[in-house]
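The values are calculated or read from the model by the stated rules, or taken from the named source; none is laboratory data. Computed from a predicted structure; not experimentally measured. Cβ: placed from backbone, ideal geometry, glycine included. Neighbour counts: every protein chain shown. Just the protein is used for accessible areas: all its heavy atoms, side chains included, with ligands, DNA and RNA removed. Shrake-Rupley method; radii C 1.70, N 1.55, O 1.52, S 1.80 Å.
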Amino acid sequence: MVEEEQACSASPASLSTWDAILADPPWTAKSFLAVGVATVGALASWIGNLASPALAEIGGSYLGGFLVGWAFRRFLRMAATLAAFTLAGIAVLKATDWLNLDWASIEAQASQSLRWIQGQADGLKALLTGVFPSAGAAGAGAFFGFRKK
């Protein structure tokens, strides 16, 4: 009886960063599991010379796209949180006159950074297009992976 009370009254351990990131993992989605099973079946039939590898390639592309979409959503959430805290900090420092900003140089630096990010995104797009044989399946997977909550 005493052990049950202690177990109930104990505060839950704080989640580590890794646990927080994987709080809702992508492999719990029904579409991810269904395509995963179909991909494993397609690989088995391809190894047994019963079918072509096309179904396995499409399934693998969907799974990869799903993981990319899920990771991108997590990245956007963290980046938006970081940007909000940064902007709030800048606003507080500006309101207290602890910070004097040169907006022309900030704008030039931001436009240069955006051009660099666009170039990197184009490179990532080319890489992913080469890695995933089926762009349609990867795009569908990325869409559903991004929507996974």
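Taking H placed 1.01 Å from N in the peptide plane, check which residues at least 5 places from residue 51 or on another chain put their amide H under 5 Å from its amide H.
46
Report, in debye and to the nearest 20, how large the dipole of the chain comes out about its Cα centre when Lys and Arg carry +1 and Asp and Glu carry -1 on their Cβ.
Using Cβ point charges on Lys, Arg, Asp and Glu, the chain gives about 600 debye.
Just how much of residue 103 is accessible, in Å², when a 1.4 Å probe is used and the result is rounded to the nearest 10?
Accessible area of residue 103: about 150 Å².
Find how many whole Å separate the alpha carbon centroid of segment 109-149 from the alpha carbon centroid of segment 61-96.
With segment 61-96 and segment 109-149 each reduced to a Cα centre, they are spaced 16 Å.
Round to a whole number: what % of the accessible area of segment 61-149 belongs to carbon and sulfur, probe 1.4 Å?
After summing per-atom areas, the C and S share lands at 70 percent.
Using the heavy atoms of the protein chains and a 1.4 angstrom probe, tell me the accessible area per residue for the chain in square angstrom.
Ligands and nucleic acids excluded, the result is 74 Å² per residue.
Report, as a whole number in µm² per second, the diffusion coefficient that Stokes-Einstein gives for the chain at 25 °C and 0.890 mPa s using the Kirkwood radius over alpha carbon pairs.
Approximately 126 µm²/s, per Stokes-Einstein.
Calculate one ³J(HN,Hα) per residue across segment 108-115 by plugging θ = phi - 60° into the Karplus curve 6.51 cos²θ - 1.76 cosθ + 1.60, and present them in order as whole Hz with x for glycine and proline.
5, 5, 5, 5, 5, 5, 5, 5
With each run of n ≥ 4 DSSP H residues scored as -39500 (n - 2.57), what mean residue ellipticity at 222 nm is computed for the chain after dividing by its residue count and rounding to the nearest 500 deg cm²/dmol?
-26500 deg cm²/dmol
So for segment 66-149, considering every pair of alpha-carbon atoms, how many percent are separated by more than 20 Å?
When all Cα pairs of segment 66-149 are counted, 55 percent exceed 20 Å.
Specify the residue with the greatest mean-square fluctuation among 24, 122, 97, computed from a Gaussian network of the chain linking alpha-carbon atoms under 10 Å apart.
97
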